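Participant: Right, I'll just put the structure down here and ask away after.
The values are calculated or read from the model by the stated rules, or taken from the named source; none is laboratory data. On a predicted model such as this, the values are computed, not experimentally measured, just so you know. Quick reminder, even Gly has a Cβ in these numbers, built from the backbone with ideal geometry, and neighbours come from all protein chains shown.
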């Protein structure tokens, strides 16, 4: 019975967070336990548990008398997170460069292809699964470096700006530019050119920041 309850709670949490990150639930939108209990055909108890977890992670703010509101992230906060991302990811690139193998190069190429296929042929809304592979590409280098603290920070901030990243990917032509930029990063790694790899990564992240935050 306990495991069933936990699975329902986790399911509710993942679904609601997914809707927030994909901008299906807008900043400032009021949501209720009853709404998701009805939508998911479950009781309010696991939804209430999911709300508490989302509250702790800063995705919603709860008002006990009438419901919850999806929290808005300011443009200034988003800019700061993107700057942090650039600092961390370029640092990681420098640290992992000598550790990257031919097998890693092939794995990265496969992720790029999967991202392309997900955008062009995926069953889900085309930017959603593509965004997952985008994050898989970037987290690949952190997984090589194996620093738990940095990974925690990375996972925290990338989830926070996923909705901005999703919006950026859906801008006309951006997905093709993103794929091309990923390919340039991998090409520099394959040529064993550290300076080009770091420069291409930084340019890619700066372009993503500009596209995500433009009005």
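Participant: From the list 52, 113, exactly one residue is at pLDDT 90 or above and in the same structural domain as residue 141 (by TED's automatic domain parsing). Which is it?
Facilitator: 113
Participant: Let me ask you something else. Hey, can you tell me all the residues within segment 101-110 that are under 14 Å from residue 183 (Cβ atoms) and in contact (Cβ under 8 Å) with a residue 40 or more places away in the chain?
Facilitator: If the condition is that a residue be under 14 Å from residue 183 (Cβ atoms) and in contact (Cβ under 8 Å) with a residue 40 or more places away in the chain, then 105, 108, 109 are the ones that fit.
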